[in-house]
Amino acid sequence: MTPELGQLALILALFLALAQSVLPLLGAWRGNRALMAVARPAATGQAVFVALAFAILVAAFLRFDFSVQYVADNSNLQLPWYYRIAAVWGAHEGSMLLWVLILNVWTVALTLFSRRLPDAFLARVLAVLGIISTGFLCFILFTSNPFARLLPMPPDGADLNPVLQDPGMTFHPPVLYMGYVGFSVAFAFSIAALLGGSMEQSWVRWARPWTNAAWGFLSCGIVAGSWWAYAELGWGGWWFWDPVENASFMPWLVGVALIHAQAVTEKRGTLRAWTILLSLFAFSLSLLGTFLVRSGILTSVHAFASDPRRGTFILGFLAVVVGGSLLLYALRAPKVAGGKAFALVSRESAILIGNLMFTVAAAMVMLGTLFPLLGDALNLGKISVGPPYFGLLFPLLMLPVVLLLPFGPYLRWGNSEAPVLKQVLVRAAMAAVACAVIAAFFVQGQLKAIAGVAGAAWVGVGVVLYIVKRWREMARGRRYPAEMAGMLLAHFGVAVFLIGVMLSESLSVTRDVRLSPGQIATVGGYEFRFDGVSETTGPNWTAEQGVVTVTRNGAPVAVMHPQKRTYTREQVQTTSAIDPGITRDIYVALGEPMDPNHVAGAWALRLYTKPFVRWIWAGGLFMMLGGFVSAADRRFRVKREVEAAQAVTATLQESQA
Amino acid sequence: MNPTRQRRLTIILAILAAVIVAAALVVYALQQNMNYLFTPSQVQAGEAATYKTFRLGGMVKAGSIQRSSDSLKVTFTVVDASGAMPVEYNGILPDLFRENQSVIATGHMDGARFIATEVLAKHDETYMPKELKDAMAKAHAGKHIDESANQDKPQP
């Protein structure tokens, strides 16, 4: 009975979503307060029913209710409880439900923290979120119902794909979705501004923390995914330019541009139309990303079996959202555009250049990712675009960003004078050169590594110089407001990330070796002794577990236990062993026995040393932290009443200018 | 020219220059890194002759996997309904690499052998990359793809 209740809850949520999308819009158009007031309770009600449906699905997994098709397909009696909860979003139907749930979480948070916004504006924002929710609920109910029954009920379910049975699965998808869906707030905000035909700086101020928080979540989700791929999927790589990774990376890139453009719009009133356009792009790319992951239209390490019937709905929904919002933009953008002029050397210019680089990078990634589809459509044959395409273009596009980064905080709005910048240039350049020279002694002439250290020093010293300057010049307590601290943290993250990427890419050593028990292989200055393989078991798998003793110049470093697991359904999954460290990771993965009938004999092993690889994720986490810290700035929350009054006069002045 | 116009012109020129450079680079990088997918029969028909590196897709022939006794070298045969291609690979094969399963190998030809630098196996039980399915269907237009090759059945 319960699964039907779940479906009923979804249907009720759909009706509430419809009410939330239609009535407040009418109200805002007609100036009818009663209709506008529907938005809040409808959103809350919808959230309650979606949460109920989600809880029912979780309960079905926990209680092994194999009469539900989705549960039977994605779990079985041996699966531990935490992976049964994670299995809720282990396949298409549940992921979509999670998506809607998170959309509702954002919407409810919005209704709680936006009491000071003008009624008509808030009504429009909530209505837009309602429309998105309606689309997704229809998608779930009509094409991918997680509550569909399976009769007769099987005694045991299939299995969650072993690749997904990893701690990464418990938090990577929800956090990533928090980021994806979070951009819907900025999207709804922009659509509401376009519908209303005006955009005030105080509203952008109100939208900024939401964008920053969403971007922070997205950063966290991508870092988690990268770490998971490293530990579980990828034989030691941290980024593969795989279509599904790119799908999350595109909104992230546009998100970076959006965060900065919003800052310009809020502080200066400039670049309004651009900010709106970016928020439309960011959310459209999030939608594209959501669908790419599960659609199976691209060959990817993440691709799973899929149902082609959904394609049409997805395409239609994307067309409505992207096409509709762009049409609205074309019609209304001239009305909201405007702003102050700025000189060539100014913070606006620098941000604009950065924006350009990030959007072009996103377009470049999109072209490479969707090119196989394009080639297919144009009958060019079955094409895939190799990682070197991205590997060549992305660093080139990011080079100007890295070069400009230290100057960012020093640049003034509107017009900036050169002497201060020269001083920063000289100091940061000296630091970069000094670090590069020192690094050159340690990295055996690897140019990439030297460039990485120099770039990191350039960015890092630039950030530190500014921190020192603020410390000296400002009074205690006013030195680092949260907004600025967030910016500094994120920019510092770029330096850390640069070190991680460049050093691990250039200095990593990988060797595939064939080892008999007792044999030793030397990789990157470490000796790996293979001590044979033994049997071990887990809750729903048996494994061959190797023992590898790592030493350096005879001194013990670690004893590692890589595994080759066989799950209940004969699926094989390699689980690598990692000895983590701040300056290096040691990574061992078990290949296969050289003679399948003689497991105790020689095995193929993959051995790595990866210097500074953890800095990659540390850099990403700094960026995430930056997003959250700046979102927490008090300035975004207080003073709103006062600002609203000022904003009216400000817009009046601007329209005259 | 007044300052506003001058500023606009500078911005437009800068954007134009950036677009041209970016477009040129993108075209270059795409040309360097496009990998076409062919099935063994298409390769034997000479369709892949103009490409140095390409991807070979098909099924791993049962009983064709041979390991070298002293290194990681492994050889196997990739087949489609009417062609077969010996493949040589030096390294660790993916977890889901099995006989009678679909596989995509990236590499180049060396005489009649295909030297693979990367081998991808399918990711779950029922999944077959759509592009591989299409390529195999195209290679045997008119013929029916041997669906049983997709299953985990022992060959007779």
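The conditions of being exposed (fewer than 15 other Cβ atoms within 10 Å of the Cβ) and either within 14 Å of chain B (Cβ to nearest Cβ) or in contact (Cβ under 8 Å) with a residue 12 or more places away in the chain (or both) are not met by residue A:424. Considering only residues in region A:511-526 that are crowded, with 16+ Cβ neighbours inside 10 Å and over 13 Å from residue A:604 (Cα atoms), the one that is nearest to the other protein chains (Cβ to nearest Cβ) turns out to be A:523. Pairing residues of region B:108-131 that are at pLDDT 75 or above with residues that are of a type in the set (Asp, Glu), at Cβ distances under 6 Å and at least 6 apart in sequence or on separate chains, gives B:113/B:88; B:115/B:88. Taken as a whole, the condition of being at pLDDT below 90 and among the aliphatic types (A, V, I, L, M) applies to residue A:602. Scanning region B:56-72 for residues that are more than 10 Å from chain A (Cβ to nearest Cβ), in contact (Cβ under 8 Å) with a residue 40 or more places away in the chain and more than 20 Å from residue A:597 (Cβ to Cβ) returns B:56, B:58, B:59. Taken as a whole, the condition of being more than 11 Å from chain B (Cβ to nearest Cβ), without any contact (Cβ under 8 Å) to a residue 60 or more places away in the chain and within 27 Å of residue A:457 (Cα to Cα) applies to residue A:404.
Evaluated against (1) crowded, with 20+ Cβ neighbours inside 10 Å; (2) within 13 Å of chain A (Cβ to nearest Cβ); (3) in contact (Cβ under 8 Å) with a residue 40 or more places away in the chain, residue B:53 falls short on exactly one condition, (1).
Evaluating residue A:494 against the criteria (1) in contact (Cβ under 8 Å) with a residue 40 or more places away in the chain; (2) surrounded by fewer than 19 Cβ atoms within 10 Å (Cβ to Cβ); (3) outside the structural domain of residue A:588 (by TED's automatic domain parsing) leaves one unmet condition, (2).
For the criterion of being part of a helix (DSSP H, G or I) and within 10 Å of chain B (Cβ to nearest Cβ), residue A:368 passes. Of the listed requirements (1) surrounded by 15 or more Cβ atoms within 10 Å (Cβ to Cβ); (2) within 22 Å of residue A:68 (Cα to Cα); (3) at pLDDT below 90, residue A:138 misses just one: (3). Between B:135, B:105, the distinction of being at the interface with another protein chain (Cβ under 10 Å from one of its Cβ atoms), touching a Leu at 6+ places or on another chain (Cβ under 6 Å) and either at pLDDT 80 or above or not in a strand (DSSP E or B) (or both) belongs to B:135 only.
Consider region A:1-60 and keep the residues that are assigned to a helix (DSSP H, G or I) and among the β-branched types (Val, Ile, Thr). The one that is nearest to residue A:120 (Cα to Cα) is A:22.
Under the condition of being in a strand (DSSP E or B) and within 13 Å of another protein chain (Cβ to nearest Cβ), the residues counted in region B:83-99 number 2.
Among the residues making up region A:1-33, those that are surrounded by 15 or more Cβ atoms within 10 Å (Cβ to Cβ), farther than 21 Å from residue A:93 by Cβ and small (Gly, Ala, Ser) are A:19, A:21, A:27, A:28.
The C-beta contact set for region A:10-36 (first residue under 13 Å from residue A:130 (Cα atoms), second residue among the polar types (S, T, N, Q), distance under 6 angstrom, 6+ apart or interchain) comprises A:13/A:46; A:16/A:46; A:17/A:46; A:17/A:133; A:17/A:134; A:18/A:134; A:21/A:134. Only residues that are closer than 24 Å to residue A:528 by Cβ and either more than 14 Å from chain B (Cβ to nearest Cβ) or among the charged types (D, E, K, R) (or both) were counted across region A:597-631, and they come to 11. Residues in region A:466-483 that are assigned to a helix (DSSP H, G or I) and either of a type in the set (Gly, Ala, Ser) or surrounded by fewer than 18 Cβ atoms within 10 Å (Cβ to Cβ) (or both): A:467, A:468, A:469, A:470, A:471, A:472, A:473, A:482.
In the condition set (1) assigned to a helix (DSSP H, G or I); (2) over 24 Å from the mean Cα position of the chain (by Cα), residue A:158 is compliant with all but (1). Scanning for something more than 11 Å from every other protein chain (Cβ to nearest Cβ) and within 26 Å of residue A:450 (Cβ to Cβ), does region A:587-596 turn up at least one residue? Within region A:587-596, one or more residues are more than 11 Å from every other protein chain (Cβ to nearest Cβ) and within 26 Å of residue A:450 (Cβ to Cβ).
Sort out which residues of region A:574-586 are more than 12 Å from chain B (Cβ to nearest Cβ) and surrounded by fewer than 22 Cβ atoms within 10 Å (Cβ to Cβ), and write them in order of number. Result: A:577, A:578, A:579, A:580, A:581, A:582, A:583, A:585. Just the residues that are under 14 Å from residue B:30 (Cα atoms) and outside any helix (DSSP H, G or I), please, taken from region A:383-415. A:383, A:384, A:385, A:386, listed by residue number. Screening the candidates A:217, A:189 for the property of being modelled with pLDDT of 90 or more, assigned to a helix (DSSP H, G or I) and under 21 Å from residue A:37 (Cα atoms) yields one hit, A:189.
The values are calculated or read from the model by the stated rules, or taken from the named source; none is laboratory data. Worth saying up front: this structure is predicted, and the values here are computed from it rather than measured. FYI the Cβ positions are ideal-geometry reconstructions off the backbone, even for glycines, and counts take in every protein chain you see.
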